[in-house]
1. Taking the Cα centroid of region 174-196 and of region 52-91, what is the distance between the two, rounded to the nearest whole Å?
2. Within region 52-96, which residues have the backbone N less than 18 Å from the label spot 7 Å out from ASP106 along Cα→beta-carbon, could you tell me?
3. Once the convex hull of the C-alpha atoms of region 1-136 is built, how many Å³ does it hold per residue, rounded to a whole number?
4. How many Lys pairs in the chain lie less than 15 angstrom apart by Cα atoms, where the lysines are 8 or more positions apart or on different chains?
Amino acid sequence: MFHNIPQAIQKQMESLEEIDTRDRQDGTPLVKRLRQVTPETGRLLAFLAAGAAKGAWLEIGTSAGYSALWLSLAARQRSAKLITFELLPDKIKLAKDTFKKAAVEDVVELIHGDARGHVRDYAEVGFCFLDAEREMHLDFFQLISPNLVPGGLLVMDGAVKYAEMLQPVIDAASDDPGLDSVVITADRGLLVCRKA
């Protein structure tokens, strides 16, 4: 999966990494920044997704599509399709461009709109990456976790860097007897939940 990343995907990843680095250095306002995961986290997401149980694959918060590119590697390997949701029109435009240039439109479907109005449509979720506005994470956790299939994974970014804000989600995952959960401290931290 990582040894033969298609050139079109690699090129788009590198382009988005350059933009993200520049945005963080030049003071670009937070709402305009790409707000994407690091390459290390992207690899970890693809690794986790590749081993997830069979079911729908969801991503809440597309931004420009960087994490979706990593997940597309696992989706192609597993003959799965990633459904990714984005609310902001300017990010939708960037993500569409990313997916077209990377030639991943066959394994990534972009939906424009608030995912809270859509995730109930997925009764059997095998994998979900949650990287939306942090104040929405508990809502999404409560909507998605009951629909995880046995062995299904829900992964949330920011579990260490934003631990205080996200503690209600971390606590809900820990208290749910149907889930096993762990916080991985790499980068900003990931909460990984697996349906028992």
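Just so you know, all these numbers are worked out from the coordinates, no wet-lab data involved. This one's a predicted model, so the numbers in the text were calculated from it and none came from an experiment. Cβ: placed from backbone, ideal geometry, glycine included. Neighbour counts: every protein chain shown.
1. Taking the Cα centre of each part, region 174-196 and region 52-91 sit 19 Å apart.
2. Within reach of a label on ASP106: 69-83.
3. 102
4. Value for the chain: 8.
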